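No value in this document is a laboratory result; all are computed from the given coordinates. From a predicted model like this one, the values you see are computed outputs, not experimental measurements. Every residue, glycine as well, gets a Cβ built from its backbone with ideal geometry; the counts of neighbours run over all protein chains shown.
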Amino acid sequence: MRTDLDTLATFRAHGTGPVSDALDLAGINGGLVELARVSGAGTVVGPAFTVSFEPVEPGTNAPAADFIDDVPEGAVVVIANGGRVDCTVWGDILAGVAVSRGVAGTVIDGACRDVDDIRALGYSLWSRGCFMKSGKNRARFVAAQVPINVSGALVHPGDLVCADGAGALVVPVATAERAAEDVLRIAEMEAAVRADLDQCVPLRTARARRGYNLAGLRR
């Protein structure tokens, strides 16, 4: 299923806060817990290109993975490595190729390295941690474009990733259009509250007037 460009633009314009609120309305847990921004700036939105790794026994041959050549422009690479922070599955070489291919960003349930070089590229990256040890012969590539578990959330290929300075979340593609409608409604309500505050209206009055606490209920 393709995501409407207006939906992408709506998520990009409003960021993870309103998108998270919209997911709450649908009863969806899309937040990727404990993954924080490492590099880049602004809000990144794009379809998930999923990648799965698994641990290997010491002494096992597990070469570096070359999945980056298959990632389409505008996608967000989402990597499941079981939350491991003792070895990395992303570094500056992968980031450099990603930039050249127009990849939107990378989200890792695990660790990255070469952080200074990745920041110099301006590439957007979220991970559970940073560490210098290579994943070669420690983590083995399993598959790409399969359902994966990232920080307790199920991510399917093509699900919509939205990430900014507050973290990263994933929106199931089947619910993305409805979520975008809720984002616009939530953003409109919050803008009205801020306009009231600019007129020195007390916060409790502005929230009551604009239905702030009713925004958690679908209309």
Divide by every residue of the chain the summed helix terms, -39500 (n - 2.57) for each DSSP H run of at least 4, and state the resulting mean residue ellipticity at 222 nm, rounded to the nearest 500 deg cm²/dmol.
-9500 deg cm²/dmol
Val44: net charge of surrounding residues, Cβ under 13 Å, Lys/Arg +1, Asp/Glu -1, itself excluded?
+1
Can you give me the long-range amide H partners of Val38? Hydrogens built in the peptide plane at 1.01 Å from N, cutoff under 5 Å, separation of 5 or more residues or another chain.
Leu125, Trp126, Ser127
For the stretch 29-171, percent of DSSP beta bridges that are antiparallel (nearest 5) comes out at 55
May I ask you to evaluate 6.51 cos²θ - 1.76 cosθ + 1.60, the Karplus curve with θ = phi - 60°, for each residue of the stretch 22-32 and list the ³J(HN,Hα) values in order in whole Hz, giving x for glycine and proline?
5, 5, 4, 4, 8, x, 10, 8, x, x, 9
Which entry in [x] 70, 42, 40; [y] 65, 34, 29; [z] 55, 37, 27 is this structure's computed Cα extents along the principal axes in Å?
[y]
Val85: net charge of surrounding residues, Cβ under 13 Å, Lys/Arg +1, Asp/Glu -1, itself excluded?
+2
Taking every eigenvalue of the Cα gyration tensor of the stretch 148-219, multiplying by 5 and rooting it, what semi-axes result, largest first, whole Å?
32, 13, 10
Calculated from backbone phi, Karplus (6.51, -1.76, 1.60) coupling profile of the stretch 198-204 in Hz, x at Gly/Pro
4, 9, 6, 6, x, 4, 4
